[in-house]
Structures are given as structure tokens and as C-alpha cells.
Amino acid sequence: MALNYIFIAFILIAFVVALIKALVWGDLNAFYEVMLSTFDTSKTAFEVSLGLTGALSLWMGLMKIGEHGGLIKFFSKLISPLFVRLFPDIPKEHPAIGSIFMNVSANLLGLGNAATPLGLKAMKEMQELNKDKETASNPMIMFLVLNTSGLTLVPVSIMVLRAQMGAANASDVFLPILLATFFSTIIGILSVAILQRINILDKVILAYLGGLTAIVATIIWFFSHLPQEKISLYSNFGASFALLSIIVGFLVAGMRKKVNVYNSFIEGAKEGFQTAVMIIPYLVAILVAVGMFRASGAMGMMITAIKMGFDTIGVNSQFVDALPTALMKPLSGSGARGMMVDAIKTFGPDSIIGRMVSVIQGAADTTFYILAVYFGSVGVKNTRYAVGVGLLTDLAGIVAAILLTYLFFGH
């Protein structure tokens, strides 16, 4: 129901704002711009879904090989002590555990194109366990929060973009991003655990989270001692090596089990194609609503009002110039990227705002896009509290990003 209200609100607000601009300010192009956005965003939604078809077919085909070859079961056993506690409604050694692990791993490595198909595979497997097919289950919500928190070890794309825009040290945002996204992930897990009455103080959970914290700290130490030109090189190598190793591992596992690897791949690839087609209407709905809200000028008005509010109470409103990126991030990844680029062009890549929008961009993920794609792929309509917890995770990441930017780069 939450997405239903958001969908309606965005469109109605866009209409009212466009009407005010036309009647009060004489901007007769307001309605044209809003309507033009509906065509542009619906086309974008279809192109995104179409672009996912190849990746979905590839990775769901590979996942099917891994499933038949027993490697998914192996990953399930590896992570099951933690995931059995975070996902108590999923039976031990169920294939969904392995798919969730693979999706989280791909996100950690910044492999977005690989993470999405793996996530959709996990959603399909969780849906098989779901008693109410139109309502999000507890495991689905926990899984979605892990994705919306955007935990990424090395934000290569952001560092590359900063380098292209002339940053003196494109990698100077690496540590703040890693810390901000780690903080948002912890907040997300804790909030869902409280709502689902999961014992977060369980020794196994504390051990795994403590171990992950140690790994993150080690990575921070390692990259903080690398020269700038080596950071992208090492991160690209690590991500690519891990990904290719997984593919080869699936093939070897299939061969060991004497699986017909080709037929298994085709079986999974067909499922990937069907999933991509199912996503289209859900993605069109949310992206069109977001596009109308942005094109009407409602987003800009909101930012102006927030800035005036902070100025009125005497609080430094400098960070408000970074809020367009923050507010757009849960709605649209490409929109947030556009806001980030605009802010960097306006204030400079090495300004406090230029760095802040970069950290914000890496601190969380596109909540509404993820909800629309993942829930849409399995036909879930009642998302329960997934939107609220996802947005809380985004807020934690954004607040952490702002504070960490001030901490690392001053006021």
C-alpha cells in the first residue's frame, strides 16, 4: 500500500505544482514539461528493463548451473549460521540463502549489474516459501533493506566520475563513503531485527557482524595506504577476479557433478528473460511518478523551503545544497547521479559540497527502484513496512554522509 500512496502523491503534487506555475507565474510550459517527463521516463523504464534482460539471462543461467552443481548449497552452508538468524523463516540450506549471499557479495564488490539478477533469483526463491504471494514476507523485507543500504567496499564509479570532473584526489571520498554505507547497513539490520523481533545480541550475529567490521577496517587500512592511482587499479582487479572466479567455480562444480552445463544455463536463462518482462510495468509506474514530481519543480521547491527553514533558526544551511542528491537518491539512481554532477559542476569537485554529494551518492541505494524491481519481479503488492525501513536506512546513510564529510574535509 505504501507504494500506492507514494505513486498517487507524486502525480497529484506534480499536477498541483504545475497548475500553480501556470496560473500564478504564467509558466504555460509547466504542463508540457511534466507530460514530456512521462514519455521520457516510461521509455527509460522500458530501456532499463530491456537492458536487464541480457544480464538476467546470463546470471540466472549461471546460478542454475551453480544450483545443479551444488555450489549454491555450499555457499548456503558457509553463511547459514548468520543468515538462519537474520532470516529465521528460511529453512537451513535452502537455495535462497546461497542466492542472498551471492547478491550481497556482488553488492559489496560494487558489481551492480551482477547483483540485480542474483537478487531477483533470491526473491523468486523466497516467494516460493511465501504463504501470501501478494504480501512481502519477513525475509524479503530484511533482504530488501540489505540492498537499499547500498553497502559497497569500493565505490569505483564515483571515484572515476570525480576524476573525470577534475578532482585533485578522486579517491579522497573513499573512506567517508565506506563508513557511511556501513553505518546505514547496520541501522537497517537493527531496525528490521527490532520489528521482526530478531535477537540481535545473539552470539553468532555479533561474531559475524564483528568479523565484517574487522574486514571493513582492514580494507580501509589497506586502501588508505595506497597511492591514488593504485586504488582504482586494485579495486577493479579484486572485483573482476572475484566475479570471474565465481563463474569458473560454477562451471567446475557443474562438471564435477556431471551436470549438463549448457542445458542448465538455458533453463536459468529462460527464467531470467521471463523475470525481465515481468518487471516492466512496475518499473514504468514508479519512474513515471518520480519523473513527474521532478519535472514539475516540486523537488526544487522542497529544497528551497528546507534551506529557508534552517536559515530562519540560525543553523548553517550549507549542506542543503547537497540535499537534491540526497532526496533524489531513494527515487532514481540516474537522477541522483545527475544531481551530483550538477552540484560538482556548480561548486567544484574539491569543494565541501562537491565531496558531500559524492559521499551521499555512495552512502545508500535507490530504495524505490529496488522495491519496484524486486517486489515487481515476484508480483508482491503489499510491501508492509519495507518502504519505511528502507527510507530510514537511506536517512541514516545520508546523515552519516553529511557528518563524515564535515569530519574528513572540515566546514
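The values are calculated or read from the model by the stated rules, or taken from the named source; none is laboratory data. Computed from a predicted structure; not experimentally measured. In this analysis, Cβ positions are derived from the backbone assuming ideal geometry, glycine residues included, and neighbour counts consider all displayed protein chains. These accessible areas exclude ligands, DNA and RNA; they are computed on the full protein's heavy atoms, side chains included. Shrake-Rupley method; radii C 1.70, N 1.55, O 1.52, S 1.80 Å.
Listed values, structure above:
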| quantity | calculated |
| --- | --- |
| Test: I6 is touching a Ser or Thr at 6+ places or on another chain (Cβ under 8 Å), within 30 Å of T135 (Cβ to Cβ) and not small (G, A, S) | no |
| Residues satisfying the stated conditions in the stretch 387-410, i.e. among the small types (G, A, S), within 23 Å of I286 (Cα to Cα) and surrounded by fewer than 22 Cβ atoms within 10 Å (Cβ to Cβ) | G388 |
| Hits in the stretch 68-106 - residues which are of a type in the set (D, E, K, R) and touching a residue at least 60 places away in the same chain (Cβ under 8 Å) | R85 |
| Restricting the stretch 146-194 to residues that are touching a Pro at 6+ places or on another chain (Cβ under 9 Å) and not in a helix (DSSP H, G or I), the residue that is farthest from L226 (Cα to Cα) | M165 |
| Long-range neighbours under 6 Å by Cβ, at least six apart or interchain, first residue within 13 Å of W59 (Cβ to Cβ) and of a type in the set (S, T, N, Q) within the stretch 114-134, second open to solvent by 20 Å² or more (accessible area, probe 1.4 Å) and not in a helix (DSSP H, G or I) | none |
| Count of the stretch 361-411 residues which are over 16 Å from M126 (Cβ atoms), within 14 Å of the chain's Cα centre (by Cα) and of a type outside the set (A, V, I, L, M) | 11 |
| Candidate set from the stretch 262-283 (those that are closer than 23 Å to S42 by Cβ and of a type in the set (F, W, Y)); member that is modelled with the highest pLDDT | F273 |
| Where a residue in the stretch 327-354 is at pLDDT 85 or above and of a type in the set (A, V, I, L, M, F, W, C) and its partner, wherever it lies, is part of a loop (DSSP other than H, G, I, E, B) and open to solvent by 20 Å² or more (accessible area, probe 1.4 Å), with Cβ under 7 Å and at least six apart | I344/M165 |
| Among residues of the stretch 249-296, those that are over 30 Å from P324 (Cβ atoms) and part of a loop (DSSP other than H, G, I, E, B), counted | 4 |
| Qualifying positions in the stretch 1-57 - assigned to a helix (DSSP H, G or I) and acidic (D, E) | E33, D40, E47 |
| Residues located in the stretch 334-351, provided they are open to solvent by 20 Å² or more (accessible area, probe 1.4 Å) and either within 21 Å of A396 (Cβ to Cβ) or under 16 Å from the mean Cα position of the chain (by Cα) (or both) | S334, R337, M339 |
| Count of residues meeting criterion [of a type in the set (A, V, I, L, M), assigned to a helix (DSSP H, G or I) and modelled with pLDDT of 85 or more] in the stretch 195-213 | 5 |
| Pick from the stretch 22-34, criterion within 34 Å of the chain's Cα centre (by Cα) and open to solvent by less than 40 Å² (accessible area, probe 1.4 Å), ranking: nearest to V380 (Cα to Cα) | V34 |
| Any pair with Cβ under 7 angstrom, 6 or more apart, that starts in the stretch 178-199 at a residue that is closer than 15 Å to G390 by Cβ and ends at one that is surrounded by fewer than 24 Cβ atoms within 10 Å (Cβ to Cβ) and among the aromatic types (F, W, Y) | L195/Y385 |
| Odd one out for A114, checked against (1) modelled with pLDDT under 75; (2) under 30 Å from K230 (Cα atoms); (3) open to solvent by less than 30 Å² (accessible area, probe 1.4 Å); (4) touching a Pro at 6+ places or on another chain (Cβ under 9 Å) | (4) |
| Criterion (surrounded by fewer than 20 Cβ atoms within 10 Å (Cβ to Cβ) and basic (K, R)) met by exactly one of K381, K329 | K381 |
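Condition check ((1) under 21 Å from A14 (Cβ atoms); (2) open to solvent by 60 Å² or more (accessible area, probe 1.4 Å); (3) touching a His at 6+ places or on another chain (Cβ under 6 Å); (4) free of Cβ contacts under 8 Å to residues at least 12 places away in the same chain) across all residues:
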{"site": "I246", "(1), (2), (3), (4)": "no, no, no, no"}
{"site": "G272", "(1), (2), (3), (4)": "no, no, no, no"}
{"site": "M278", "(1), (2), (3), (4)": "no, yes, no, no"}
{"site": "Y282", "(1), (2), (3), (4)": "yes, yes, no, no"}
{"site": "L287", "(1), (2), (3), (4)": "yes, no, no, no"}
{"site": "F293", "(1), (2), (3), (4)": "yes, no, no, no"}
{"site": "T325", "(1), (2), (3), (4)": "yes, no, no, no"}
